[in-house]
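Below: one structure, written as structure tokens.
The values are calculated or read from the model by the stated rules, or taken from the named source; none is laboratory data. Note that the structure is a prediction, hence the values are computed from the model and not measured. Positions of Cβ are generated from backbone atoms using ideal geometry, with glycine treated the same way; all protein chains shown enter the neighbour counts. All accessible areas refer to the heavy atoms of the entire protein, side chains included, with ligands and DNA or RNA removed. Shrake-Rupley method; radii C 1.70, N 1.55, O 1.52, S 1.80 Å.
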Protein chains: 2
Amino acid sequence: MTDKTVKESFMAGIKDYAKNIDQYLMEQLKGQEKNLWDAARHYISGGGKRLRPFMVLKSYELVGKKSSDIIPIASALEILHTFTLIHDDIMDKDDTRRGVPSVHAKWGEPIAILAGDLLYSMVFVLVYNANIPDGAKARIMKELGAVSVELCEGQTMDISFENRDDVTIEEYMDMISKKTGALFKCSAYVGGYAANESEEQLSNLKLYGQKLGIAFQLVDDILGLTADEKKLGKPIFSDLREGKKTYLVLYALENLDPTESAQLKQIIFAPEKSESDIQKAFELIQKSGAIEKARKLAEKYIDETIELLKVFPESKARKDLENLAKLAIGRDF
Amino acid sequence: MTDKTVKESFMAGIKDYAKNIDQYLMEQLKGQEKNLWDAARHYISGGGKRLRPFMVLKSYELVGKKSSDIIPIASALEILHTFTLIHDDIMDKDDTRRGVPSVHAKWGEPIAILAGDLLYSMVFVLVYNANIPDGAKARIMKELGAVSVELCEGQTMDISFENRDDVTIEEYMDMISKKTGALFKCSAYVGGYAANESEEQLSNLKLYGQKLGIAFQLVDDILGLTADEKKLGKPIFSDLREGKKTYLVLYALENLDPTESAQLKQIIFAPEKSESDIQKAFELIQKSGAIEKARKLAEKYIDETIELLKVFPESKARKDLENLAKLAIGRDF
């Protein structure tokens, strides 16, 4: 197959898996108090690639298992992610997400808090439905609790960065490792754990997910400054407008000469920014080499993920996990 | 022993059990991001009777098991409850709880949302630490997810009642059954389930917890109008001031003559209420017989709970669960 056909066939596979997840979720996510359940389903019914469920299912398939056993677990990872989006949007006062009103903007804060809590509650109801031994379910539920602790800590760090002017790249990497890396790590791990894979395999799957998650976030930072607005689902440069300390900003602050660094800092920290300020900040970031550096770093992580998968026999599932990693950095394959 | 000594010895037992729970929780509730963990521990470090953990442990002991096996599960029920308090306080805009600033009043809303999420996450981490078979842990975690769904639905109903003038007693009972009854039901059930009790025993334990929870809420409604402010931990009549549709208000609205019912309705729904309005509302409620009726109803539920326990052999644990029920309605024993 040509590279293009490989990519098309891979994307079709992702879509098929996502359809199974969506169908399962739409069956499960109902109950009393229609308003509450509507709010809980809001982001989910907007669609999505379901990358975390895909990772769960493919990690399970790596040793020849049939993914239909664990659709409930893969779906649980998606709603765990959605729960964090709903609560993060409240905290960040983001009134839209991917072009639609956020849950709190549409239903009000109280229902949005509850909709997040409800989805998180359903995580544990769903996992119990999987077709694997009960003992494995217990361990997986415990992992889902533990990863959520990391997500809370990561979000707390992210919030605390807002009012600080001395955030280091190291702290930023630690934050995204928790806020984005941890859930991908957990997705790969629970898929492998459900399939009873070896300690070495599980350890590699964790690293695979973790590194992929971090690369994913770095690429997200890059796209926020370089992507087409339509694909991005939010206005370009919004990270700069909100004064976010992304990898790019932090790298530029550390690597520009002192005058330019001070200039960038002033723009990023100003409560009001003109369009020419934003343009200037972008130019300074570009000049610092931050974008190139971030891309290289993401590529390095992705190369490492592909290496880590070699502990598994060659299979369609392994190829799919490799392709997923490549997809995360938008690399052609 | 005299009745007084029985009560004193029972209260000392509750205190002992609470000490074990508190000690375990203080060991477990720590991690990165001190601010977040401080916020999560805030209500817990204020102390409390730990009635839900007590119910878990005593339900486990009913068939001769040693409660030390499941301290982590009993503790999990306490933090699940605390998580709902933190989030409810945000939704209800309650800036104090038991005389101290609420979590969001002290740490701000974002950290309060996260502190609730964090405690809820720790529920599943803790359950996994219990000394029971993994299969039982999985089932218990699923029950904890399912009960939280009920709690979310109950809180949604409670919120929706605020803007309605046609709430029925039946709807109110349904709401408190979810918002308060469900967690007591779950507490008794998971203790029994962990001890591998029979289907009949488990079914009775569920009803025991459910009825006790409802009685507990009815008594809470009564105390809100009749108790000593110091014991209450909040100003007397605050339910009336906030226009809450408690059992007492709904009963009075349904049972007073039309003129008086209209008068009460007008006071309850008025955005501003004078102290003489509040006094008048209280008198109307008293006149309707609501307080007597609520007390009778709570007593009926408590009598039923004691009956339900007879499916277990006589033991100290059974006696303690009977006494817990009596304590809930403040009956001397």
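Please work out how much length the chain gains when fully extended from B:SER274 to B:LYS49, using 0.36 nm per residue of separation minus the C-alpha to C-alpha distance, in nm with one decimal. Stretched fully, the B:SER274-B:LYS49 segment lengthens by 77.5 nm.
Less than 5 angstrom separates the built amide H of B:VAL100 from none of the residues sequence-distant by 5 or more or on a different chain. Annotation for the range B:123-191 versus the range A:107-134: alpha-carbon center distance of 13 Å. Averaged over the residues of B:103-115, the number of partner chain Cβ atoms lying within 10 Å of the residue Cβ comes to 4.
Computed from label points 7 Å out along Cα-Cβ, the spacing between B:GLN266 and A:LYS230 is 6.2 nm.
The dipole here belongs to the protein assembly as shown: it is taken about the Cα centre, uses +1 on the Cβ of Lys and Arg and -1 on the Cβ of Asp and Glu, and is about 1280 debye. The A:ARG98 and A:GLN23 beta-carbon pair, evaluated with R₀ = 25 Å, returns a calculated FRET efficiency of approximately 0.75. Nearest 0.05, what FRET efficiency do A:THR168 and A:LYS34 give at R0 = 45 Å with Cβ-Cβ as r? Efficiency, rounded to the nearest 0.05: 0.45.
The other copies place their B:GLY13 label points at 6.1 nm from this one, listed shortest first, where each point is 7 Å from Cα along Cα→Cβ.
Bridgeable lysines around A:LYS310 (alpha carbons under 23 Å apart, same-chain partners fewer than 8 residues away excluded): A:LYS7, A:LYS58, A:LYS65, A:LYS66, A:LYS185, A:LYS206, A:LYS211, A:LYS296, A:LYS300, A:LYS319, A:LYS326.
The simple spin-label model puts a point 7 Å past each Cα toward its Cβ; for B:LYS66 and B:GLU292 those points are separated by 5.3 nm.
Taken one residue at a time, the phi angles of the range A:152-163 give Karplus couplings (6.51, -1.76, 1.60, θ = phi - 60°) of 5, 5, x, 5, 4, 4, 4, 4, 5, 5, 3, 9 Hz. Gly and Pro are set to x. Take the Cα of A:LYS106, go 7 Å toward its beta carbon, and the backbone nitrogen atoms of the range A:35-66 under 17 Å from that spot belong to A:35-49. Restriction of the GluC sites (Glu not before Pro) in the range A:168-259 to DSSP coil positions whose beta-carbon has at most 15 other beta-carbons within 10 angstrom yields A:GLU242. Each copy carries a label point for B:PRO133 at 7 Å from Cα along the beta-carbon vector; from one copy to the others these points are 1.2 nm apart, nearest first. In chain B, the calculated helix contribution to ellipticity at 222 nm averages -24000 deg cm²/dmol per residue, counting -39,500 (n - 2.57) for every DSSP H run with n ≥ 4.
For the range B:161-212, the list of trypsin sites (Lys or Arg not before Pro) that fall in a loop by DSSP and count at most 12 other C-beta atoms within 10 angstrom reads B:ARG164.
Label-to-label distances for B:LYS49 across copies, nearest first, come out at 5.4 nm, using points 7 Å from Cα in the beta-carbon direction.
The 3J(HN,Hα) values that the Karplus relation (6.51, -1.76, 1.60; θ = phi - 60°) gives for the range B:140-151 are, in residue order, 5, 5, 4, 4, 5, x, 5, 5, 5, 4, 4, 4 Hz. Gly and Pro appear as x. Computed with every protein chain present, the accessible area of A:THR246 is close to 10 Å² [probe 1.4 Å]. Inter-chain Cβ neighbour count for B:150-161, averaged per residue, equals 6 (cutoff 10 Å, partner chain atoms only).
Legend: mean number of C-beta atoms from other chains within 10 angstrom of residue C-beta atoms, peptide B:31-44, equals 3.
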